1. For a 24 Å ceiling on Cα separation, which of these pairs sit above it: K73/K108; K73/K110; K10/K73?
2. Given R₀ = 30 Å, FRET efficiency for N91-E45 by Cβ-Cβ distance, to 0.05?
3. Mind checking the alpha-carbon convex hull of the chain and giving the volume per residue in Å³?
4. Pop out the ³J(HN,Hα) list for region 103-114 in order, Karplus 6.51 cos²θ - 1.76 cosθ + 1.60 with θ = phi - 60°, rounded to Hz; leave Gly and Pro as x.
5. Provide, in order from the shortest bin, the percent of all Cα-Cα pairs of region 1-63 in each 5 Å bin, continuing until the bin that contains the maximum pair distance.
6. Could you go through region 96-101 in sequence order and give the Karplus-derived ³J(HN,Hα) for each residue, using 6.51 cos²θ - 1.76 cosθ + 1.60 with θ = phi - 60°, rounded to whole Hz, and x for Gly and Pro?
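FYI, it's all coordinate maths here, none of it is from the lab. Please read these numbers as outputs of a predicted model, since none were measured by experiment. FYI the Cβ positions are ideal-geometry reconstructions off the backbone, even for glycines, and counts take in every protein chain you see.
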Amino acid sequence: MSTIFSKIIKREIPADIVFESENVLAFRDINPQAPTHILIIPKIEIPSVREINGKEHAALLGEMFDAANKIAKKEGIAEDGFRLVFNCGPNAMQEVYHLHMHLIGGRKMKWPPG
Ligand code: 5GP
């Protein structure tokens, strides 16, 4: 089922897009949890981590991590470090069922997460 992120991919609703390639899109989270909070998504619809198939999606996931590194450098947070998060399913409070990697940085974080 399509989500709000499909609408962002199709430019049906606006987003602050920071990176785009053939297979991947990245845009700022509407409700940022840190000075830098960017969502990196595949353009194809994969609902969550549970639907990832290593063989089928390896290259795509690689592209998402490459995008994360590129964006982190551009945002100036690569050296101090950042957090990459995939929320998967209800216990992790996943809200949007279109696979997305949160790139969060620009402040010191705590561990364990809430
Ligand atoms: P999840 O909880 O599913 O891992 O994260 C979904 C994220 O998407 C949340 O951090 C939320 O703020 C963000 N989000 C939800 N709707 C929109 C939207 O329409 N535009 C943008 N830019 N971010 C959104």
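1. Details: K73/K108 17 Å; K73/K110 22 Å; K10/K73 27 Å.
Beyond 24 Å: K10/K73.
2. Values: r = 22 Å, r/R0 = 0.74.
E(calc), rounded to 0.05, equals 0.85.
3. On the way: hull volume 12.7 nm³, N = 114.
Looking at the chain, the number lands at 111 Å³ per residue.
4. 10, 10, x, x, 8, 6, 10, 10, 9, x, x, x
5. 4, 16, 26, 24, 19, 9, 2
6. Computed from phi, the couplings for region 96-101 are 10, 8, 9, 2, 8, 9 Hz.
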